Amino acid sequence: MKLPVLPAYYYLDHFVEMLEFVQKTYGSILGDEHRAFIARFGELSRDAQCLLIRMVNRRGAIFNRSLFSYPEIKDIELAAAELTVAGHARALTESDYPAFVACLPRDILMTGAQAAGRGDVRKSWAKPRVVDYYLGQIPFSVAAQHCGGHKFIALDGTRPIEFLLYLYFGKTEVDLKNFALRDLGILRINQETSFNARFTDGDEAVASFYYSQVLDRLDVKSEAVYRQAAIDVLGGPACGTDYAADLRGRAAHQAGLYFEKSDESALARQLYRAGSSPDCNERLARLLYSKGERVEAEELLQRMIDDPASDGEHLFATDFYARKFGGRRTGLYTELLRSGRAITVDDTHRGNPEAGVAGVLRREGARVFYAENVLWHSLFGLLFWDELFETTQLASGFDWVPHCLKDRSFRRLFTSSIDAKLEAIESGNGLAIILRTIAARWGRPNGIFAWDHVQVEALRALLEGTDLAGVTRIVRSMCDDFRDMKDGFPDLMVVRDGKTSFMEIKAEGDVIRRNQLTRLRQLGAAGIVAEIGRVDYRFDPEQDYVVVDIETTGAWSNGDRITEIGAVKVRNHEVVDEWHTLLNPQRPIPAKIVQLTGITNEMVRDAPVFAEMANSFMEFMGDGIFVAHNVNFDYGFIAYEYERLERRFRFPKLCTCAGMRRRYPGHKSYGLGKLCEIYGIELDNHHRALCDARASVHLLNLINRKRREELAQSAEAA
C-alpha cells in the first residue's frame, strides 16, 4: 500500500490543530504562562514556528544547527535567532554539558581534546571513556570552544508546550508524531466528533502533569534521577483527585523501592508515607516489620484492614497480619495453591496448560470457555457501551479508554443508568442489553475489548448459569474501580449441568499473583464458585493425538495451497478415528508435484475448497494435540488457511521427526520413508496424506511409549 504524501507544513498544521483544540476544550484551566505562550507563538514568523516544532519533535533538548535540513524553512539561522529573542531557545550553558558531549561524534571529541592540549587522551579509548574524561577533566567553556559549541542551540521554556501536549494526549511521553501517523493511516483514531475534557480543574491538571513528569523521568535508572524524584514527590503539589494521587503514589513507590534497596530506609519511609497508595502502604508495613518496629507496623496493618483502599490492600493486610501477628504459619497464597484440585494433563501441554485442562474437563462432560479477563471486559463494555462511548467521554481522537475509568469517576457520572443496568442483570435481562449492543455496534473499535474475543455463548452461559446477584456484585465493583478490577480473573469458565464456575490454572512453579487471589476471593464472596486447578503433568492415556499429513502445490505456505489432508486420531496408542479429503487449491498443481504425489489437477477440480472443510477439520481436532512429521510444515499451512478465513488455529504441537531424533538417536536419516523402512512400518502409498499420517501414527506410538517410561521414572525419583 502506497502511503499518502504529507504536505510541507503538515507538522505546523498539527501543532495549530492541537492548540485550537486545547484552547477550546481546556480554556478554563489554562494559566497565564500557557496563554502567554500561545500568544507569543502566534506572533512568530512561520519559519520560527516551524523550527520550534521541529525541535520539540526531536529527541533531546540541544541541537547542532548546522545539521538542520528543513527545505521548507528558508533561513534556519534567522529562525533560531528569533526563537532566542522570544525565549524559546538559548545558547548552551554549563547545565547542558553532559548532553553536549554525549551527542558529539567520537572523532570530534578526540580532535577537540587535542586542540585543548590534552595529550593524555588515547586514540584507543571508547567514546564513553572519552565522555567521562571530558566531564571530569575539561571545563565546559574549553569543550564548547574546541568542539563547536557555538553551532548548538538549546530548547528553552518548553514547559507550557509540554503541558498543552499533556492536556491533549494525557501522557508526557507523547509528541506530535502521532498526528503524522494518523494522517499516514498507520495510527488508528476513534471517530468521535465531540470530546470531553480529561481535566476540569486547573489544580488537578497541574498536579497530574507534575507527577506524570516525575514518573516519566524515572525511566532513566540513575541515582541522580531517583534523588531528584524523591525531592519532587516530597515537595510536590497536593493531590485533590484520585487520579493525581495515584500518579504520586506510583512515583513514590518506584523511588521508595530504589532507596529501600540502597539501604536508605528513612528516605524510603518518607516516600511511602507521601505516596500512601496500597503499594506504598504494603512496602511501608514490610519495611517497618523488617526493621523491628512491630508496634508501628501492626498499627498500620490494622488501619489498612479497617479502612482499605482496595480489596487487594485488604487481602495483603489480613494475610500479613495473620502470619506476623496472628501465629499462622502459611500464607493465603500457599494455602490456596495447596487446596486446589489436582488435574492430570498430558505433558505435551507444557506452555499452554489451560488448553490441557480444558480438554480434560470437556472429556468429563463440561463445557469450557477461555474466560480470563476478556469475558469480563466484553461483559462490561457491552453493558455500558452507551455510557462509555456515546456520551463524549473520550478526551481526544487518540484516546480509546474513557478518562472516567482512569480517574474512577464513571460510577459518579452515570449512577442512575448504571443502577438500572445492574438491576437488569439481576432480574435476568442483562443478555438482552448485550445482544442489542452487539447488533448495533458490532466491529466498532473501542479500548475495552476486542470484538473477535466476544463469545456470545460464554456470555449467555455466565448470565444464565450463574448466581445473578453475584454477577451484579462483580460488575458493580468494575463500575466503582475499573482500573483495579480490569485483570486477574480466572482462566477458564466451566459449565456443568447448567451451572457455571471459574478455574485459575496453575502449573508446576507458577505462583498466584495478588490480583488473581483477590479476584478468586471476590468471586467466592459473591457466591460464584472459583477454584485453583493445579496441573500435574503426566502421560495422559486419554489425551487425543491427531496425526496429520498434508500434500500441497509447493513448499511456501503464504503462496502455495493444500491439495490433500489426512488425519488419524489416536487415544491410548489406538486409532479411534480418521479424517480425509482432497482440496481444490484454486491454482494449477506443478508437474513435479503431480509426479511426487500422484495428485492431478483433474482429481481436485471438483474437490471442496478449504473454507468448505474448515469446520469439519476443526471439529475433528477437538482438544487434540497436532502431530506431524516435520510438524511446522503441516501446521503452518493449515494455520495460514484459517488465517485467510480470519479464524484462529492454535493447538499444541508434537513433531514425530524431532521426537524420534531425541528418543531413538543414531540413524543417518529421519525422513518418514527411511524410518518406516528401519522400523518395519507399512508405507505403500508414500506422499499421499492419509497413508503418511497412518505411518506417522506408528512413530508417535514409539515416542509415547518412551515418554510414558521417562515420566514414570521421573515421578518415582521425585
Original post:
Within the accessible area of the chain, what % is carbon and sulfur when the probe is 1.4 Å and the other protein chains stay in place?
Top reply: 49 percent
Subject >> Taking N as its residue count, the alpha carbon Rg of the stretch 565-643 over 2.2 N^0.38 Å >> reply: 1.20
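Translational diffusion coefficient, Stokes-Einstein: compute it for the stretch 190-289 using the Kirkwood radius over C-alpha pairs as Rh, at 25 °C and 0.890 mPa s, and state it as an integer in µm² s⁻¹.
D, rounded to a whole number, is 174 µm²/s.
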Original post:
Can you give the Kirkwood hydrodynamic radius for the stretch 1-93, in Å, rounded to one decimal and based on Cα pairs?
Top reply: 14.7 Å
**OP:** Could you work out the Rg to Rh ratio of the stretch 346-438, with Rh taken as the Kirkwood radius (inverse of the mean 1/r over all Cα pairs)?
**Re:** 1.13
Original post:
Label-point separation (nm) for TYR679 and TRP400, each offset 7 Å from Cα along Cα-to-Cβ?
Top reply: 4.7 nm
Original post:
To the nearest 20 debye, what is the magnitude of the charge dipole of the chain about its Cα centre, counting +1 on the Cβ of each Lys and Arg and -1 on the Cβ of each Asp and Glu?
Top reply: 1640 debye
**OP:** Kindly provide the helix-only [θ] at 222 nm of the chain, computed as the sum of -39,500 (n - 2.57) over DSSP H runs of four or more divided by all residues, to the nearest 500 deg cm²/dmol?
**Re:** -16500 deg cm²/dmol
Original post:
What do you get for Rg/Rh over the stretch 628-718 if you use C-alpha atoms and the Kirkwood form of Rh?
Top reply: 1.05
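Please compute the Kirkwood hydrodynamic radius of the stretch 92-243 from all pairs of different C-alpha atoms, in Å with one decimal.
Working: mean 1/r = 0.0520 Å⁻¹.
Here the Kirkwood hydrodynamic radius works out to 19.2 Å.
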Subject >> Relative contact order of the stretch 175-321, defined on C-alpha pairs under 8 angstrom at six or more residues apart (%) >> reply: 15 percent
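Output the direction-averaged projected area (hull surface divided by four) of the convex hull of the alpha-carbon atoms of the stretch 532-604, in nm².
Its Cα hull, projected and averaged over all orientations, spans 7.7 nm².
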Original post:
If ligands, DNA and RNA are left out, what is the accessible area of ARG122 with a 1.4 Å probe, given in Å² to the nearest 10?
Top reply: 120 Å²
Subject >> Listed residues ARG688, ARG644, ARG650 arranged by accessible area, highest first, probe 1.4 Å >> reply: ARG650, ARG644, ARG688
Original post:
Roughly how compact is the chain, stated as its Cα Rg over 2.2 N^0.38 Å to two decimals?
Top reply: 1.21
Original post:
Expressed as a whole number of Å, what is the distance separating the alpha-carbon centroids of the stretch 512-555 and the stretch 1-73?
Top reply: 52 Å
**OP:** Determine the percent antiparallel among the DSSP beta bridges restricted to the chain, to the nearest 5.
**Re:** 65 percent
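Find, among the GluC sites (Glu not before Pro) in the stretch 640-718, those assigned to loop by DSSP (not H, G, I, E, B) with at most 16 other beta-carbon atoms within 10 angstrom.
GLU646, GLU682
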**OP:** Compute the relative contact order of the stretch 618-718 as a whole-number percentage, counting only Cα pairs closer than 8 Å that sit 6 or more residues apart in sequence.
**Re:** 23 percent
**OP:** Please give, to one decimal in nm, the separation of the simple spin-label points placed at GLN114 and LYS706, each 7 Å out from Cα toward the Cβ.
**Re:** 6.5 nm
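Quote the FRET efficiency, to the nearest 0.05, computed for ALA36 versus VAL220 with a Förster distance R0 of 41 Å and r equal to the Cβ-Cβ distance.
Once rounded, the FRET efficiency stands at 0.85.
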Original post:
Hey, how many Å between the Cα centroid of the stretch 691-712 and the Cα centroid of the stretch 627-677?
Top reply: 13 Å
Subject >> Dipole-positive endmost among SER714, LEU463, ALA207 within the chain (Cβ charges, Cα centre) >> reply: SER714
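Which entries of LYS24/LYS177; LYS151/LYS221; LYS499/LYS569; LYS171/LYS221 have Cα-Cα distances beyond 25 Å here?
Values: LYS24/LYS177 22 Å; LYS151/LYS221 30 Å; LYS499/LYS569 31 Å; LYS171/LYS221 20 Å.
Result: LYS151/LYS221; LYS499/LYS569 exceed 25 Å.
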Original post:
Taking θ as phi - 60°, what are the ³J(HN,Hα) couplings along the stretch 305-314 by the Karplus curve (6.51, -1.76, 1.60), each to the nearest whole Hz, with x for Gly and Pro?
Top reply: 6, 6, 9, x, 7, 7, 5, x, 5, 4
Original post:
Normalised by the residues of the stretch 137-232, what does the relative contact order come to in percent, with Cα pairs under 8 Å and at least six apart?
Top reply: 21 percent
Original post:
Roughly how many Å² is the accessible area per residue of the chain, as a whole number, for a 1.4 Å probe?
Top reply: 47 Å²
Original post:
Under the Karplus relation 6.51 cos²θ - 1.76 cosθ + 1.60, θ = phi - 60°, what is the ordered set of whole-Hz ³J(HN,Hα) values for the stretch 596-611, x standing for Gly and Pro?
Top reply: 6, 9, x, 8, 9, 4, 5, 5, 9, 4, 9, 6, x, 7, 4, 4
Subject >> Farthest toward positive dipole pole in the stretch 572-665 [+1 Lys/Arg, -1 Asp/Glu at C-beta], among PRO665, MET618, TYR635 >> reply: PRO665
Subject >> Within the chain, longest stretch clear of exposed chymotrypsin sites (Phe, Trp or Tyr not before Pro) (DSSP loop, no more than 16 other Cβ within 10 Å) >> reply: 126-324
Original post:
Mind ordering 246-256, 80-90 by average Cβ neighbours within 10 Å, highest first?
Top reply: 246-256, 80-90
Original post:
Which Rg and Dmax, in Å, describe the Cα atoms of the stretch 492-566?
Top reply: 20.7, 58
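Quick one: Kirkwood hydrodynamic radius for the stretch 486-616, alpha-carbon pairs, angstrom, one decimal?
The Cα-based Kirkwood calculation yields 19.2 Å.
The values are calculated or read from the model by the stated rules, or taken from the named source; none is laboratory data. None of these values were measured; they are calculated from a predicted model. Because the Cβ atoms are built from the backbone with ideal geometry, glycine has one as well, and the counts that use them run over all protein chains shown. Side chains are part of the model used for accessible areas, which takes the heavy atoms of the whole protein and leaves out ligands, DNA and RNA. Shrake-Rupley method; radii C 1.70, N 1.55, O 1.52, S 1.80 Å.
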